[in-house]
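The values are calculated or read from the model by the stated rules, or taken from the named source; none is laboratory data. Please read all numbers here as calculations on a predicted model, not as lab measurements. Note that we place each Cβ from the backbone using ideal geometry, even for glycine, and neighbour counts take in every protein chain shown.
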Amino acid sequence: MFKNYIKIAWRSLKKQPFFTFLNTFGLAIGMAGALLIALYIYDEMSYDKMFADANSIHRIHADIKFGGDAREFAVTPAPMAEALKNDFSEIELVTRFRTRGSALVRKADDQANVKEEQTTFVDASFFEMFGLELLAGDVKTALKNPNTLVLTKTAAEKHFEIGNAVGQNLVLNNEETYTVVGVIDDFPQNSFLRDHSVFESMEGNGDAKEINWGSNNYQTFIKLIPTVNAADIQEQLRGFLGKYVIPGVQQYMPGITEEQLKKSGSYLVYSTMPLTDIHLKSHRVAEISANNDIQSIYILSFIAVFLIVLASVNFMNLSTAHSLKRAKEVGVRKTLGSNKIDLVRQFLVESGLISFLSLLLALIFAVIALPFFNTLANKDVSIPFTSPVFWVTLLGSVVILGLFSGSYPAFFMSRFMPIKVLKGGGGSSVGGGTIRNSLVVFQFAISVFLIVSTLVVYQQLKYIQGKDLGFSKDQVLIINDVYTAGDKVTSFKEQVKQLGFVKDATLSSFFPTPSSRSDSTFSPEEGGTDQENAVSMQTWAVDYDYVSTMDFELVAGRDFDKNFGNDSTTIIVNEAAVRIMKLSPKEAIGKRYTPGFDSNNPEYFTIIGVVKDFHIASLKEDIDAVSLHLGDRAYALAVKIQPGDFTNAIARIEGVWNTIVPGEPFDYYFMEDAFNNTYQSERRLGNIFIIFTVLSLLIACLGLFGLAAFNAEKRIKEIGVRKVLGASVSQISMRLTIDFLKLVGIAILISLPLGWYVMNKWLEDFTYRINIPWWVFLLAAFLAVLISVLTVSYQSIKAAIVNPVKSLRSE
Amino acid sequence: MLLQLNNIFKWVQQGGQRIFLLKDVNLEVEEGEFISIMGPSGSGKSTLLNVIGMLDTFNEGEYEFLSESVHTLKEKYRSNLYKEYIGFVFQSYHLLDELTVEENLEMPLLYKKVKGSERKALVADMLDRFNIVGKKDLFPTQLSGGQQQLVGVARALIGKPKLILADEPTGNLNSQQSEEIMQLFQKLNKEDGVTIIQVTHSEKNAEYGSRIINLLDGRKI
């Protein structure tokens, strides 16, 4: 019997190629989309699970509000590790990371440096904590001595064969010499250490041994003994505030107690987070590597489910619509002795077959779309064709999808009464219209919602792109690591400035990009050390050309000037800083502020200028207060160049660099790119929205197209009668089209308010944002109507031009 | 006694009024009879045939088929009953277009859960008997109307039913094809003892039968 089902299913699919195509194509699109998303989510969920005891590893977090803003840190004080080891029998191991950012690395007897993007000090317990094996070196002694380091395979191979690595000397940043004591495998892309390649022994980091509970710089990981829950240690961990931190604070503020601190609204709460949660759930200050947001996983899961549901709804819709053609078959089968169950089974086999065909098609789609998807999602996922688990899951899902999509049509069709359908009563015998209509409304509501979302995301991105940031990010080239030129850095700058295409150049470590941070608290001369008057500002060391190169606009006072001899004790601040001082820009000029708390011997800086506000972070955040002072230690040179041939300009600057410091890496980026990177996730979201809007529209249109065909067929007699009575082709096709437009209209009414609400929520994340313009809704509605008219009119016109003699003859 | 209808009423509500499709119909059918139901359009011929075939229900009265009270049976048992004992022949043949002649013949046997080897034998037998062996791999649309109806009759017979119900079996056929089908019915009735009830408009076709029932406005006359 089963063989017979398959045979019949296959033949009836072959007999209706158009219908089969609509169904398989729609399902395949939905499946392919969902499959790619599932792979992405699977990858995101797999972060840091490869470490042997990942489940018992946790990181210590600190939520701190001390006077100023509340901040959530991924880092804790250096002595935290020792305290944890002493106070908790539940903790088996503690490992600290003290990240150092990028470093230039060379062999001791070599001149040329190689840049490693991420390096860190780490405790020797590192290997045991994460279950790491050494490819070379002895795990028992590795990193136990100062000035030793361990490299990843890739980093090691840049300098020597892995087998020879141990015992070699490397120079970091041209000043510190380290001995290689081991080589480990590269970390996988889905681990929090993916970008780290050099691990220096914590023993050489003096700061690590100091008992200073006031500064938070150490990523501290613990491994719990197997029987212990992270929840069990939280209370004692919170007790660290009273036990360790308060005594430290009392040195600066004698007599202060925990209660007083709490009363003033300050707090410090230590907590833990499982290692495997970090990638999706942690958004703290000083993360060790960029994390994703669980929110984006939710959005994507939501989209995947929607795609599948849309495609499956399509299937139901088309199948029940198509059932008109199958009604006779159902009637005949029933008179031949088939009961309902037999028929239900038969139709389910058919839908199973369609979903299987769709799966094959979907896999082809997925393979084609994968490279594109990887670029879009900034991932490197692949389809695990060799994994049995993958196939079992896939086939299982297909069977479930087939059953789910097929169930409604199957039960719907098996209900047909033979005497009715065999009498040729036609459409009147096929019900289910309300359900079909609501399914169409549902599909279009989703599509319109997605159109609205896409338009809003793009409008916001356009707004960000065009926003006046208070500085000029265009044509500014930033050259990193110029400190390697040592004393010759100023002459490098001067030589670059001589180049014809260079408008200006400035040496600094700080630029208006999201990475530059250096906070200090300033106190005014008048008002003393009163907390009320303190101003927390970024302090950026710059040179004389900074303001002009960045195109800052002075609203009061003057720029740094060599003609004024004493500018070393002056600062320029931005409007945000002045607002905090509760002064007008004019009033601020001449005011004196001192950084730090050293009240015995204060060094005062005079405000000589106020510049217009400029954005240094994402537009999601408020503008920070910034102060500029003259300083000479600079990591980078910013060069403003004239529009034109950038490639040539960069080559010329590199030429200058190579004559001054041959062999040092020339590393540059454009400020505009750094700016754009800030909005990468928004851009990605925008692209994802566009793609899935198109997909969902496509699916909805396939469904509508099939439904229009069905409707035309069902009303063929009515159309015939109308034509006999004198209706024109256009009147009839209008009539048929308008019925569908009503459904689309309802969908629009449902989805526009929903879109408005949801997208306003999304925009709330941005401090600087657009108001959703009214035309977004108009355009979304118009697009939906236009697309549905185009879809439906083909069928409507086709039905309307049929000769009534044909349609009326059938009985 | 094959079947017995007692005081069968069937009606529909239309505009608050009862329109009677069948009104107080009594009928006894013995095995081996060949009955023709006649009457003008709308007289209830097909309705009566559908009630006998258990495809349609009735509002009042009693129906016994082989001593089973059909009106008290649940749908499942009813369908088992007609699956076992009744074969249907339709005016427009109603063969399944996706299936070949051979597969169409096999269909009722599948629903009766007859075993594979036996099915093959029965189908081969039937093809042989109706002289359509050469056409077994053709699809219905490749056959003439007469040939299709031949297959329709063969399909109705293959389950060895006691009763064949035919609703204007020659309605779509020309006179020569009609005559062949009627002769076939006669032969089946005489030689194999199959009971036949047919609905027909044609006096000529009705004469093949052993008894004629005339209906008018749902009433036997």
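Things to note:
- Only one of the numbered conditions (1) charged (D, E, K, R); (2) in contact with a Ser or Thr (Cβ under 7 Å, 6 or more places away or on another chain); (3) within 14 Å of chain B (Cβ to nearest Cβ) is not met by residue A:48, and that is (3).
- So residue A:334, is it surrounded by fewer than 24 Cβ atoms within 10 Å (Cβ to Cβ) and within 9 Å of chain B (Cβ to nearest Cβ): no
- Index of the failed condition, residue A:100 passing every other in (1) touching a strand residue (DSSP E or B) at 6+ places or on another chain (Cβ under 6 Å); (2) crowded, with 22+ Cβ neighbours inside 10 Å: (2)
- Exclusive hit being among the small types (Gly, Ala, Ser) and within 11 Å of chain A (Cβ to nearest Cβ), set B:134, B:171, B:145, B:116: B:116
- Test: residue in segment A:388-403 that is over 14 Å from residue A:31 (Cβ atoms), out of contact with any Gly (no Cβ under 8 Å at 6 or more places or on another chain) and touching a residue at least 40 places away in the same chain (Cβ under 8 Å): no
- Subset of segment A:481-515 (residues that are part of a helix (DSSP H, G or I) and among the acidic types (Asp, Glu)): A:487, A:494
- Any hit, segment B:185-199, residues being closer than 21 Å to residue B:33 by Cβ and within 14 Å of another protein chain (Cβ to nearest Cβ): yes
- Condition check for residue B:5: surrounded by 22 or more Cβ atoms within 10 Å (Cβ to Cβ), within 17 Å of residue B:91 (Cα to Cα), out of contact with any Cys (no Cβ under 6 Å at 6 or more places or on another chain) and free of Cβ contacts under 8 Å to residues at least 60 places away in the same chain: no
- Qualifying residue in segment B:68-84 (condition: of a type in the set (Asp, Glu) and either under 14 Å from the mean Cα position of the chain (by Cα) or in a helix (DSSP H, G or I) (or both)): yes
- Residues considered: B:52, B:37. Of these, the only one that is within 14 Å of another protein chain (Cβ to nearest Cβ), within 17 Å of residue B:168 (Cα to Cα) and touching a strand residue (DSSP E or B) at 6+ places or on another chain (Cβ under 8 Å) is B:52.
- Any pair with Cβ under 9 angstrom, 6 or more apart, that starts in segment A:337-355 at a residue that is on the phi > 0 side of the Ramachandran plot and ends at one that is outside any helix (DSSP H, G or I) and at pLDDT below 85: A:337/B:112
- Members of segment A:720-738 found to be within 25 Å of residue A:441 (Cα to Cα) and touching a helix residue (DSSP H, G or I) at 6+ places or on another chain (Cβ under 7 Å), listed by number: A:732, A:733, A:736, A:737
- Within segment A:552-579, residues that are free of Cβ contacts under 8 Å to residues at least 40 places away in the same chain and farther than 21 Å from residue A:536 by Cβ have Cβ atoms under 9 Å from residues that are surrounded by fewer than 20 Cβ atoms within 10 Å (Cβ to Cβ) and among the hydroxyl-bearing types (Ser, Thr, Tyr) in these pairs: A:561/A:544; A:562/A:544; A:566/A:606, counting only partners at least 6 apart in sequence or on another chain.
- For segment B:56-94, the tally of residues that are more than 21 Å from residue A:341 (Cα to Cα), among the aliphatic types (A, V, I, L, M) and touching a Pro at 6+ places or on another chain (Cβ under 9 Å) stands at 1.
- Condition met for residue A:125 (among the hydroxyl-bearing types (Ser, Thr, Tyr) and under 25 Å from residue A:285 (Cα atoms)): yes
- In segment B:63-76, the condition of being at the interface with chain A (Cβ under 10 Å from one of its Cβ atoms) and at negative phi is met by at least one residue.
- Residues (more than 20 Å from the chain's Cα centre (by Cα) and either surrounded by 15 or more Cβ atoms within 10 Å (Cβ to Cβ) or within 15 Å of residue B:151 (Cα to Cα) (or both)) located in segment B:104-121: B:114, B:119
- Within segment A:408-419, being surrounded by fewer than 16 Cβ atoms within 10 Å (Cβ to Cβ) and more than 14 Å from chain B (Cβ to nearest Cβ) holds for one residue alone: A:411.
- Of the strands (runs of 3 or more DSSP E) contained entirely in segment A:618-708, those carrying at least 1 residues that are aliphatic (A, V, I, L, M) and not assigned by TED's automatic domain parsing to the domain that holds residue A:789 fall at A:626-630, A:636-641.
- Number of residues in segment A:745-768 that are in a helix (DSSP H, G or I), touching a helix residue (DSSP H, G or I) at 6+ places or on another chain (Cβ under 8 Å) and within 30 Å of residue A:682 (Cβ to Cβ): the value is 12.
- Exactly one residue out of A:439, A:422, A:401 is within 14 Å of chain B (Cβ to nearest Cβ), surrounded by 19 or more Cβ atoms within 10 Å (Cβ to Cβ) and closer than 30 Å to residue A:332 by Cα, and it is A:422.
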